[in-house]
Amino acid sequence: MSRIRTPLAERIGLKYPIVSAPMFIISNKEMILAAAEAGVLGAMPSLNCRTREEFREALSWIRARTERPFAINLTIKLTEPERLESDFQTCLEFGVPVIITSYGNPADIARRAHEKGAVVFHDVIHLKHALKAQESGADAIIGVAAGAGGHAGTTSPYVLYPYLRENLKIPVIAAGCIATGRQLAASLALGAELAYMGTRF
């Protein structure tokens with residue numbers, strides 16, 4: 001299969017515009033490595049590693065095995081502040097290329113991540129929070145539509161993705177009900193530049 005190009009996928013260095021979604025409990029360092037080697041963006045929540053030391057060991061393990069891009073999800077208000085800061089500092093130390101933020105204001109993380117050359121994605125379920133995240137420095141917005149796992153949104157993917165695209169200056173990433181190439185193609189047609197796939201992985 002030939003490379004599928006979108007501006008955001010090109011910026012990050014992906015072969016295909018797909019994110020292996022950061023699934024709580026499920027995603028792990030082995031999944032990140034497999035995704036990276038396949039040319040998509042592997043991701044996991046930092047809290048899937050139960051301790052700070054385990055998280056550091058996971059990033060060291062990944063970095064020893066691939067130079068390709070991957071992502072770590074930081075859940076801002078669901079993480080104890082000291083653990084959040086520790087995990088973020090560890091991401092910066094190991095040069096994690098993409099930081100995915102959710103459940104809170106990404107402004108501080110985005111500012112500091114940009115100083116190290118990292119890209120920041122932020123989860124939203126509607127335009128109000130998307131605009132706030134854009135103002136806070138997020139590089140792309142993950143539109144979490146109805147049908148997405150975990151903290152699913154309530155808006156149909158057919159409505160949410162183009163609505164965000166029409167009202168934002170930064171790229172949109174599609175999340176929700178995407179499991180095959182047909183849904184990937186539909187998401188790109190609706191204005192998304194990357195697509196989250198969780199259950200499929």
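The values are calculated or read from the model by the stated rules, or taken from the named source; none is laboratory data. These figures come from a predicted structure and were not determined experimentally. As a convention, Cβ positions derive from the backbone with ideal geometry for all residues, glycine included, and neighbour counts pool all protein chains shown. For the accessible areas, the whole protein counts, side chains as well, though only heavy atoms, and no ligand, DNA or RNA atoms are used. Shrake-Rupley method; radii C 1.70, N 1.55, O 1.52, S 1.80 Å.
Assorted remarks:
- When Y16, Y103 are compared by accessible area of protein heavy atoms, the largest-first order is Y103, Y16, using a 1.4 Å probe.
- Evaluated over the chain, the count of Lys pairs having alpha-carbon atoms less than 22 Å apart is 5 (only pairs 8 or more residues apart or interchain).
- Taking label points 7 Å from Cα along the Cα-to-Cβ direction, E57 and E30 give a separation of 1.5 nm.
- Cut-off 14 Å (backbone N to label point 7 Å along Cα→Cβ of L78), residues of segment 138-172: 144, 148-153
- Segment N167-A189, extension gain: residue separation times 0.36 nm, minus the distance between their alpha carbons: 6.3 nm
- Contour excess over end-to-end distance, with Cα ends at F94 and K116 and 0.36 nm allotted per residue: 6.9 nm
- Per residue, the chain exposes an accessible area of 47 Å² to a 1.4 Å probe, with every protein chain left in place.
- Highest-MSF residue in the chain out of R68, R165, R11 [GNM, Cα springs under 10 Å]: R11
- K132/E67 FRET efficiency (R0 35 Å; Cβ-Cβ; nearest 0.05): 0.55
- When the alpha carbon gyration tensor of segment 83-127 is reduced to an equivalent ellipsoid, its three semi-axes come out at 19, 11, 9 angstrom, largest first.
- Descending Cα extents along the principal axes, the chain, whole Å: 42, 37, 29
- With a Förster radius of 22 Å applied to the beta-carbon distance between I4 and V159, the computed FRET efficiency rounds to 0.35.
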